[in-house]
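First comes the structure, then the notes that go with it.
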Amino acid sequence: GDANVRIDAMDLHVKSNKIFWTNWHTGRISYYELPASSTSPPNRNRRQSETGVVDLEIPGLKMPRGIAVDWVAGNIYWTDSGRDVIEVAQISGLNYKTLISGMIDEPYAIVVDPQRGTMYWADWGNHPKIETAAMDGTLRETLVQQNIQWPTGLAVDYFNERLYWADAKLSVIGSVQLNGSDPVVAVSSLKNS
């Protein structure tokens with residue numbers, strides 16, 4: 001591995017065969033084109049990819065944290081905890097736009113639900129919460145703001161219409177319906193045995 005590659009969050013764009021990640025230490029969003037799958041046995045002496053790591057040219061990035069790929073429209077969404085914003089761009093890095101700013105303190109993880117046209121993000125600042133909005137930044141609302149301290153990882157259960165999060169301080173995994181109802185602690189007491 002490369003000592004300069006520090007991955008904070010990652011997501012995959014299957015159609016373009018690229019894995020995207022954020023590195024808040026360098027203030028970059030990068031991708032790597034995965035090798036094409038083949039039915040022939042792999043040649044272990046061959047390099048995995050001729051393209052290598054590519055840093056997207058996105059002006060103003062400070063501390064990108066979370067990243068999510070919209071596999072339907074071919075966009076990437078990210079949180080920037082250095083500027084306290086949520087932004088979007090094409091997977092090429094072009095046509096970037098700030099979607100959410102203001103009333104956000106320390107945005108961390110982000111996930112998208114392109115089929116419903118929504119995004120969800122964790123804010124673990126002074127008033128920790130999990131919020132949602134349409135993927136164009138409109139219709140913003142808070143889903144979870146009680147019994148939460150350091151929300152980090154997020155995952156969408158598309159079939160059962162639930163959002164899951166990990167809380168690094170409380171050592172729990174919580175869950176809520178995508179509409180904000182039925183908040184529960186799914187797993188607690190996550191201690192190494």
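The values are calculated or read from the model by the stated rules, or taken from the named source; none is laboratory data. Quick caveat: nothing in here was measured; it's all calculated off a predicted structure. All Cβ positions, even for glycine, are placed from backbone atoms using ideal geometry, and neighbour counts span all protein chains on display.
Remark: pairs (first residue in region 164-193, within 17 Å of T132 (Cβ to Cβ) and modelled with pLDDT of 95 or more; second residue of a type in the set (D, E) and exposed (fewer than 15 other Cβ atoms within 10 Å of the Cβ); Cβ separation under 7 Å; 6+ apart in sequence or on different chains) = Y164/D157; V176/D182; Q177/E161; L178/E161.
Inside region 142-160, can you point out the residues that are farther than 11 Å from W124 by Cβ and under 18 Å from the mean Cα position of the chain (by Cα)? Residues satisfying the conditions are T142, L143, V144, G153, L154, A155, V156, D157, Y158. Kindly check whether there is at least one residue in region 65-78 that is modelled with pLDDT under 95 and surrounded by 12 or more Cβ atoms within 10 Å (Cβ to Cβ). No: zero hits. Selection of first residues in region 108-129 that are at positive phi and touching a residue at least 60 places away in the same chain (Cβ under 8 Å) and of second residues that are buried (at least 23 other Cβ atoms within 10 Å of the Cβ) and in a loop (DSSP other than H, G, I, E, B), restricted to Cβ pairs under 8 Å at least 6 apart or on distinct chains, gives an empty result. Inside region 140-163, residues that are outside any loop (DSSP other than H, G, I, E, B), modelled with pLDDT of 95 or more and surrounded by 11 or more Cβ atoms within 10 Å (Cβ to Cβ) make up a count of 10. Do we find a residue being hydrophobic (A, V, I, L, M, F, W, C) and over 25 Å from I7 (Cβ atoms) anywhere in region 93-102? No, there is no match, as no residue in region 93-102 is hydrophobic (A, V, I, L, M, F, W, C) and over 25 Å from I7 (Cβ atoms).
Restricting to region 80-104, name every residue that is in contact with a Ser or Thr (Cβ under 9 Å, 6 or more places away or on another chain) and either within 16 Å of V156 (Cα to Cα) or in a loop (DSSP other than H, G, I, E, B) (or both). Selection gives R83, D84, I91, I104.
Could you tell me which of the residues G125, G137, G82 is over 19 Å from I19 (Cβ atoms) and at pLDDT below 95? Show your work before the answer.
Values: G137 fails: at pLDDT below 95; G82 fails: at pLDDT below 95.
Testing whether each residue is over 19 Å from I19 (Cβ atoms) and at pLDDT below 95 leaves just G125.
Residues in region 84-104 that are buried (at least 17 other Cβ atoms within 10 Å of the Cβ) and more than 13 Å from H13 (Cβ to Cβ): D84, V85, I86, E87, V88, Y96, L99, I100, I104.
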